[in-house]
1. Just the residues that are modelled with pLDDT of 95 or more and either within 16 Å of the ligand (Cβ to nearest atom) or buried (at least 17 other Cβ atoms within 10 Å of the Cβ) (or both), please, taken from segment 124-136.
2. For segment 151-173, what are the residues that are surrounded by 13 or more Cβ atoms within 10 Å (Cβ to Cβ) and in a helix (DSSP H, G or I)?
3. Quick check: is even one residue across segment 1-24 touching a strand residue (DSSP E or B) at 6+ places or on another chain (Cβ under 8 Å), in a loop (DSSP other than H, G, I, E, B) and buried (at least 20 other Cβ atoms within 10 Å of the Cβ)?
4. Can you find, within segment 93-103, the residue that is farthest from the ligand (Cβ to nearest atom) among those that are closer than 28 Å to residue 9 by Cβ and not in a strand (DSSP E or B)?
5. Of the residues 111, 203, 186, only one is modelled with pLDDT of 95 or more, part of a helix (DSSP H, G or I) and within 15 Å of the ligand (Cβ to nearest atom); which?
Ligand code: GLP
């Protein structure tokens, strides 16, 4: 596990974008696992900027996103397909057909989850998975107390997650109660993991995830068992780690 500190959000975004960019330059056919939420917005902005300057070519990559809300049409501004199109895909040269987001409008969620697992398998797995972290320690939408060996599945969102994500909706009632998420199993099978975090509100959960017991009650704690995980976080998000185990920060 490598922990890289950044002074602020912009620097965190730039460092993380550098890692993704290196992956794409070295391996233009990479399968990128992508994430949503407010944290990665700056990473996508930076990648777009380098694309526009001619530094990166996304034409041969494939992508699989971690998750999607159930019941939101793709035109809904808070659907993760909309987010990905508007924050990233529409601005770079990745063919849309190469991009994958679970279909939250599928009639049969189980069948959609199996289809998504197949997509990941047919692509040969994920080369680099970008991750944010939720306040419950969730990655993707893998909420606390679920089995670590689940593949893509439908989850009932925890109240704390609904409250945290309500800032993007008109009110809490509009936040979908269910989501489809890639399972911990596929995430852990990714060759490389890149977790990003910023802000003081992530400091405690980041510490518990990276240095606490490995337990389904903190889903991100499983990352301790991955052999190629990089964390890029700003100093606020690293404040508890900085206090309790400063030697861990590179
Ligand atoms: C959502 C997403 C997660 C993300 C989390 C944190 O719940 N499903 O993938 O990591 O939010 O979001 P933010 O980056 O906005 O704090």
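1. Let us first name the residues in segment 124-136 that are modelled with pLDDT of 95 or more, namely 124-133.
Within segment 124-136, 126, 127, 128, 129, 130, 131, 132, 133 meet the criteria.
2. 160, 161, 162, 163, 164, 165, 166, 168
3. Within segment 1-24, not a single residue is touching a strand residue (DSSP E or B) at 6+ places or on another chain (Cβ under 8 Å), in a loop (DSSP other than H, G, I, E, B) and buried (at least 20 other Cβ atoms within 10 Å of the Cβ).
4. Within segment 93-103, the first condition is being closer than 28 Å to residue 9 by Cβ, and the residues that meet it are 93-94, 99-102.
From what's left, not in a strand (DSSP E or B): 93-94, 101-102.
Working: 93: 25, 94: 20, 101: 12, 102: 11 Å.
So the residue we want is 93.
5. On the way: 111 fails: within 15 Å of the ligand (Cβ to nearest atom); 186 fails: modelled with pLDDT of 95 or more.
Step by step, each of 111, 203, 186 is checked, and only 203 is modelled with pLDDT of 95 or more, part of a helix (DSSP H, G or I) and within 15 Å of the ligand (Cβ to nearest atom).
The values are calculated or read from the model by the stated rules, or taken from the named source; none is laboratory data. Keep in mind the model is a prediction, meaning the values are calculated, not measured. So basically every Cβ, Gly included, is an ideal-geometry build from the backbone, and we count neighbours across all protein chains shown.
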